[in-house]
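> Once you've had a glance at the structure underneath, I'll fire off some questions.
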Amino acid sequence: MHGVKAMVHEQDILIFLEENLSKKRYRHSVNVCRTAESLALHYGCDPEKAVLAGLLHDCARELTKPELVQFAVKAGLGAAEAAAEPKELLHGPAAVYLCRSLFNLNDGDILAAIRYHTTGRENMSLLEKIIFLADFIEPERDFPGVAKLRRLAFRDLRRALIAACDTTIRYILLKGMPIHTDTVLARNYLIREGAGNTQS
Ligand code: DGI
Ligand code: FE
Ligand code: FE
């Protein structure tokens with residue numbers, strides 16, 4: 001009754017996702033939701049928050065560029081910055097606006113996990129880390145090293161996150177796209193987080 005889930009109607013979310021995402025991305029969203037729930041149970045994070053953040057993380061993924069810019073600005077991004085960003089970097093911030101306005105979802109933890117799921121950022125919360133990683137390792141993801149990363153995710157969260165950052169950065173370099181500073185800051189922070197830690 002007191003959980004965050006009680007205030008948000010999961011069925012409404014599923015209907016919205018079905019109507020606004022391709023079949024493949026709808027499945028991806030459900031997969032990320034399930035993987036995030038498993039990681040949350042494994043690492044002692046709130047599984048209800050992980051479920052909602054996982055389901056909703058890509059709810060804005062298939063909007064048009066003008067819609068993404070408009071919603072990202074409503075979520076607090078600067079107008080000039082929003083106009084300059086590629087679509088891929090706007091769907092996290094834009095999703096925050098959709099979550100607030102369509103689903104009355106105002107939980108700051110969940111919204112931050114959705115907001116930063118593409119790039120990560122410095123000093124991520126456990127929920128942010130879980131959503132970032134679940135997006136990478138859900139069962140239908142297929143890239144070299146994904147099986148190894150799935151195992152690592154449940155053994156060493158920090159190392160798995162660094163490996164995910166490395167994969168993203170390698171991909172962006174290969175494509176010749178600009179690397180968002182949050183992507184770099186996320187990786188640097190995770191590496192420093194382990195310095196002096198005997199477990200690392
Ligand atoms: O939404 P998904 O496809 O499930 O995954 P995602 O939210 O991680 O988005 C992946 C896309 O975002 C992919 O096309 C690469 C792009 N991306 C991620 N980090 C950066 C980036 N693009 C740029 N330009 N800079 C980044 O730092
Ligand atoms: Fe995404
Ligand atoms: Fe995703």
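> I'm checking my understanding of the structure. Among residues of region 84-113 that are more than 16 Å from ligand 3 (Cβ to nearest atom) and of a type in the set (Asp, Glu), which one is nearest to the chain's Cα centre (by Cα)?
So, considering only residues that are more than 16 Å from ligand 3 (Cβ to nearest atom) and of a type in the set (Asp, Glu), the one nearest to the chain's Cα centre (by Cα) is Asp109.
> Kindly indicate whether any position in region 139-157 is touching a residue at least 12 places away in the same chain (Cβ under 8 Å), out of contact with any Pro (no Cβ under 6 Å at 6 or more places or on another chain), buried (at least 21 other Cβ atoms within 10 Å of the Cβ) and closer than 30 Å to Ala84 by Cβ.
No, region 139-157 contains no residue that is touching a residue at least 12 places away in the same chain (Cβ under 8 Å), out of contact with any Pro (no Cβ under 6 Å at 6 or more places or on another chain), buried (at least 21 other Cβ atoms within 10 Å of the Cβ) and closer than 30 Å to Ala84 by Cβ.
> Which of the residues belonging to region 89-123 are in contact with a Ser or Thr (Cβ under 9 Å, 6 or more places away or on another chain), in contact (Cβ under 8 Å) with a residue 40 or more places away in the chain and assigned to a helix (DSSP H, G or I)?
Answer for region 89-123, where residues must be in contact with a Ser or Thr (Cβ under 9 Å, 6 or more places away or on another chain), in contact (Cβ under 8 Å) with a residue 40 or more places away in the chain and assigned to a helix (DSSP H, G or I): Leu89, Asp109, Ala113.
> Are any of the residues in region 158-175 more than 16 Å from ligand 3 (Cβ to nearest atom), part of a loop (DSSP other than H, G, I, E, B) and either free of Cβ contacts under 8 Å to residues at least 40 places away in the same chain or open to solvent by 40 Å² or more (accessible area, probe 1.4 Å) (or both)?
So far as region 158-175 goes, no, none of its residues is more than 16 Å from ligand 3 (Cβ to nearest atom), part of a loop (DSSP other than H, G, I, E, B) and either free of Cβ contacts under 8 Å to residues at least 40 places away in the same chain or open to solvent by 40 Å² or more (accessible area, probe 1.4 Å) (or both).
> Moving to a separate point now. State all residues of region 64-83 that are touching a residue at least 40 places away in the same chain (Cβ under 8 Å) and either within 16 Å of ligand 3 (Cβ to nearest atom) or open to solvent by less than 30 Å² (accessible area, probe 1.4 Å) (or both); if no residue qualifies, say none.
none
> To continue, here is another question. Could you list, in sequence order, all residues of region 93-145 that are in contact with a Cys (Cβ under 8 Å, 6 or more places away or on another chain) and at positive phi?
Gly120 - this is the single residue of region 93-145 that is in contact with a Cys (Cβ under 8 Å, 6 or more places away or on another chain) and at positive phi.
> Let me ask something else about it. Hey, Ala36 hits all of (1) open to solvent by less than 10 Å² (accessible area, probe 1.4 Å); (2) of a type outside the set (Asp, Glu); (3) more than 28 Å from Ile179 (Cα to Cα); (4) part of a helix (DSSP H, G or I) but one; which does it fall short on?
(3) is the only condition that Ala36 fails.
> Which of the residues belonging to region 48-76 are in a helix (DSSP H, G or I) and under 15 Å from the mean Cα position of the chain (by Cα)?
Correct list: Lys49, Ala50, Val51, Leu52, Ala53, Gly54, Leu55, Leu56.
The values are calculated or read from the model by the stated rules, or taken from the named source; none is laboratory data. Please read all numbers here as calculations on a predicted model, not as lab measurements. Here the Cβ is made from the backbone with ideal geometry for all residues, glycine too, and neighbour counts use every protein chain on show. All accessible areas refer to the heavy atoms of the entire protein, side chains included, with ligands and DNA or RNA removed. Shrake-Rupley method; radii C 1.70, N 1.55, O 1.52, S 1.80 Å.
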